[in-house]
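Notes to accompany the following structure.
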Amino acid sequence: MRTPKLGFIGTGITGTALALRLYERGYPIMAVSSLTHTSAEKLAQTIRKCRAVNNNQTVADNAELIFVTTPDDIITRVVAEVKWRPGQSIVHCSGADSTAILEPARKLGARVGAFHPLQTFASAQQALENLPTSTFSVEAEEPLLTTLKDMAITLDGHWITLKASDKVIYHAAAVITCNYLVTLVKLSTDLWQTFGTPPQEATRALLPLLRGTIRNIETIGIPQCLTGPIARGDTGTIKKHLDALEKTAQELLATYRELGRQTIPIALDKGRINQQQAERLKSLLDKPSLVGSKGEG
């Protein structure tokens, strides 16, 4: 299958990483533009025969498949300002938005699609390293759908197809996995500060635990990888945690309780606890902690 001529409107972290990786895999990148022209020039200098241009229309005029990798909240405005032609393909990389935000291009006869890398990009270099092997969610009609699937495979990745109605829940799941993991580690390092350990040292100590947990998820799978007091039905330890948090970090009690409640079904699925133990855990997590009371069991 012939590789289409690509263009990129928006050369931030995602746009730059996609352009470079696709170029490495044989896709011609014809033109790039950006709100910051210097970033477009920097990208173009690393890609043979690629032009950094000052306006988005020039990108559209020189490419067959155009990625719009601007911030999500301006995608529709950017797309509406370009005169697209029938047969072109316009693709955005937003995780939460469907192809509906590309309606101005569709009305002009262009094909529209979404191609979202399920990955965390904190910097351009890190994005380049993380992009291969990622899963890409794709939303489009044929023949663009097949083109986007082929791109995911070319990037050594995997693909899943989503409907427009799936996108927001899909993105919420990604936020829980990625962003809120950062939040959980931050909450843990804050607790370490109560016994005098600074955040950097606490993070360094917790990272091997994080890596081990992720490795267990990957190799053993959920629910069998679950460990800890809820997996064991250890109400005494949970009670001690609740009492200690009430004394030391009351603001975390609600979060701890809810995470515990959500963990009980996983423990049941693992088979290490029975329904009676699950009910005892749920009752403990539902009721207010009594400071200074003795743990059970």
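The values are calculated or read from the model by the stated rules, or taken from the named source; none is laboratory data. Here the structure is a predicted model, which means the values were calculated and not measured. Here Cβ is always computed from backbone atoms with ideal geometry, including for glycine, and neighbour counts include all displayed protein chains. These accessible areas exclude ligands, DNA and RNA; they are computed on the full protein's heavy atoms, side chains included. Shrake-Rupley method; radii C 1.70, N 1.55, O 1.52, S 1.80 Å.
One table, with the values for the structure above:
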quantity: Surface per residue (accessible, 1.4 Å probe) for the chain, Å²; calculated: 54
quantity: Gain on full stretching of the segment that runs from Glu129 to Lys186 - 0.36 nm per residue minus C-alpha separation; calculated: 18.1 nm
quantity: Identified option (computed semi-axes √(5λ) of the Cα gyration tensor in Å; candidates [x] 26, 23, 19; [y] 42, 22, 16; [z] 47, 20, 17); calculated: [z]
quantity: Ordering of 95-105, 125-135 by packing [mean C-beta count within 10 Å, highest first]; calculated: 95-105, 125-135
quantity: Calculated [θ] (222 nm, deg cm²/dmol) that DSSP helices of n ≥ 4 give over the chain, each run adding -39,500 (n - 2.57); calculated: -15500 deg cm²/dmol
quantity: Residue-count net charge about Leu253 - beta-carbon cut-off 11 Å; Lys, Arg +1, Asp, Glu -1; calculated: -2
quantity: On Cα atoms only, tilt of 275-286 relative to the major axis of the chain in degrees; calculated: 80
quantity: FRET E, pair Gln262, Ala100, Förster distance 51 Å, beta-carbon r, rounded to 0.05; calculated: 0.95
quantity: Carbon and sulfur %, accessible surface of the chain computed with the full protein complex present, 1.4 Å; calculated: 55
quantity: Between 0 and 90°, nearest 10: helix 13-24 axis offset from the chain longest Cα axis; calculated: 60
quantity: Acute angle (nearest 10 degrees) that the helix 179-193 long axis makes with the longest principal axis of the chain, alpha-carbon atoms; calculated: 40
quantity: Which listed pairs, of Lys5/Lys49; Lys5/Lys83; Lys239/Lys282; Lys83/Lys167; Lys247/Lys287, have C-alpha distances above 21 Å, in listed order; calculated: Lys83/Lys167
